[in-house]
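Report on the following structure.
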Amino acid sequence: MRKIEIYDTTLRDGAQSEDVNFSLDDKRDIALKLDLLGIDYIEAGWPGANPKDEQLFLLLKDITLKHAKVFAFGSTCKPGRAPENDPIIQALVNARPDGVTIFGKTWDAHVLGQGGLGCTLDENLRIIRESLAFLKKHFPLVFFDTEHFFDGYKKNQEYAQAVLKAATEGGADRIILCDTNGGSLPSEILEITRTLKNELSIPLGIHCHNDGDLAVANTIAAVESGADHVQGTINGIGERCGNANLCSIIPNLTIKTGCMTIPQESMRLLSEVSRFVSDIGNLSHNKHQPYVGESAFAHKGGIHVSAVINDPTTYEHADPSLVGNQRKILVSDQAGKSNILY
């Protein structure tokens, strides 16, 4: 059975949602829930950029997680600096997580343009290569997020591939392809990921944003094209329109494709964890959310109910109990005899 690594960034990327402000205790409690769910990697935050995140790493050092590895997030060193002299890199080392993920610029416009790094293309390649190589001396696992990868690849394929080469030379253990603006289509994700899978020996990951309402579809397309590492958040929370929703990705991959994601016995906790994150973040839980929403398996029309009582597969694409949810039969002016009898 094919294993797909699940990397949760609820505490970092998810916390950038407009509606969310997790306290230190909130972050600790969410981390414990994610570990119980069987998540492989928990991105706890960005030490050096946020004092609360630095406190969280200190807190997590005294907690033994059963399954998950705790990761810190950060960037490459700044242009013109060596990584060993960069405070951003040093903060990652000082946090002493199980591993680190750093991001680097992949789109040449973000290197050269206004508001970007303001350095040469070659200098960007250097800081990627040297930052990864330095961090590999301190951590057994170092992942590289290729920011704006798909936009960069479509605009300047040669340079995007040079970034991948630099990350490979730096010793990255995973290269994560990022649809940072969330504007790519599944067909584009599928074609590009498949091409790179045939060219690279390093395991590929996928990190999608939901600006085109396609983050889950794009993630599935990447997995079908060879990506073995998936990044997302619980309930899809995140900046702008959110991140890829792990509450949909995990059951889709497990139930529909037969891949191994989280432990099978943990799948039934998915609805509970989804509601927990909404509650602790003071968010209204989306009742229409697939798989884990209160209405995900609610049936109102009489014809639907008559069929589903005799054969649930007629109007249910999955067994709700697999994700800890349950069927609802409603009574209204849309109901038929079967609704009343149920």
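The values are calculated or read from the model by the stated rules, or taken from the named source; none is laboratory data. These figures come from a predicted structure and were not determined experimentally. Positions of Cβ are generated from backbone atoms using ideal geometry, with glycine treated the same way; all protein chains shown enter the neighbour counts. For accessibility, only protein heavy atoms count, side chains too; no ligands or nucleic acids. Shrake-Rupley method; radii C 1.70, N 1.55, O 1.52, S 1.80 Å.
The rows are residues; the columns are (1) among the acidic types (Asp, Glu); (2) under 24 Å from LEU32 (Cβ atoms).
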site	(1), (2)
VAL70	no, yes
GLY74	no, yes
GLY80	no, no
PRO97	no, yes
ILE102	no, no
ASP108	yes, no
CYS119	no, no
ARG129	no, no
PHE134	no, no
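Output yes when any residue across the stretch 227-244 is basic (Lys, Arg), closer than 23 Å to VAL277 by Cβ and in contact with a strand residue (DSSP E or B) (Cβ under 8 Å, 6 or more places away or on another chain), and no when none is. Yes; the residues of the stretch 227-244 include at least one that is basic (Lys, Arg), closer than 23 Å to VAL277 by Cβ and in contact with a strand residue (DSSP E or B) (Cβ under 8 Å, 6 or more places away or on another chain). Residue check: is ALA307 among the small types (Gly, Ala, Ser) and assigned to a helix (DSSP H, G or I)? Taking the combined requirement at face value, the residue satisfies it. The stretch 206-284 holds helices (runs of 4 or more DSSP H) entirely within its bounds, and those carrying 1 or more residues that are of a type in the set (D, E, K, R) and out of contact with any His (no Cβ under 7 Å at 6 or more places or on another chain) map to 215-224, 270-280.
Residues checked against (1) farther than 20 Å from LEU270 by Cβ; (2) open to solvent by 50 Å² or more (accessible area, probe 1.4 Å); (3) basic (Lys, Arg); (4) in contact (Cβ under 8 Å) with a residue 60 or more places away in the chain:
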position: GLU18; (1), (2), (3), (4): yes, yes, no, yes
position: ALA31; (1), (2), (3), (4): no, no, no, no
position: GLY38; (1), (2), (3), (4): no, no, no, yes
position: ALA44; (1), (2), (3), (4): yes, no, no, no
position: LEU60; (1), (2), (3), (4): yes, no, no, no
position: GLY74; (1), (2), (3), (4): yes, no, no, no
position: CYS77; (1), (2), (3), (4): yes, no, no, no
position: ARG81; (1), (2), (3), (4): yes, yes, yes, no
position: LEU92; (1), (2), (3), (4): yes, no, no, no
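If only residues of the stretch 231-261 that are of a type in the set (A, V, I, L, M) and closer than 18 Å to GLN289 by Cβ are counted, the one that is most open to solvent (accessible area, probe 1.4 Å) is ILE255. Name the single residue, out of those in the stretch 127-140 being surrounded by fewer than 17 Cβ atoms within 10 Å (Cβ to Cβ) and in a helix (DSSP H, G or I), that is nearest to the chain's Cα centre (by Cα). That would be LYS136.
Scan the stretch 217-228 and tell me whether some residue there is open to solvent by less than 10 Å² (accessible area, probe 1.4 Å) and β-branched (Val, Ile, Thr). So far as the stretch 217-228 goes, yes, one or more of its residues are open to solvent by less than 10 Å² (accessible area, probe 1.4 Å) and β-branched (Val, Ile, Thr). A count restricted to the stretch 187-230 and to residues that are under 19 Å from the mean Cα position of the chain (by Cα) and at pLDDT below 95 stands at 0.
Is it fair to say PHE71 is closer than 15 Å to GLY99 by Cα, under 16 Å from the mean Cα position of the chain (by Cα) and at pLDDT 95 or above?
Yes: the conditions hold for PHE71.
Report, by residue number, each residue of the stretch 103-125 that is in contact with a Ser or Thr (Cβ under 9 Å, 6 or more places away or on another chain), in contact (Cβ under 8 Å) with a residue 40 or more places away in the chain and not aromatic (Phe, Trp, Tyr). GLY104, LYS105, THR106, ASN124 - these are the residues of the stretch 103-125 that are in contact with a Ser or Thr (Cβ under 9 Å, 6 or more places away or on another chain), in contact (Cβ under 8 Å) with a residue 40 or more places away in the chain and not aromatic (Phe, Trp, Tyr).
Of the residues that sit in the stretch 296-342 and are hydroxyl-bearing (Ser, Thr, Tyr) and at pLDDT 85 or above, which one is surrounded by the most Cβ atoms within 10 Å (Cβ to Cβ)? So the residue we want is TYR315.
Applying the criterion of being out of contact with any strand residue (DSSP E or B) (no Cβ under 9 Å at 6 or more places or on another chain) and modelled with pLDDT under 95 to the residues of the stretch 46-57, the residue that is surrounded by the fewest Cβ atoms within 10 Å (Cβ to Cβ) is PRO51.
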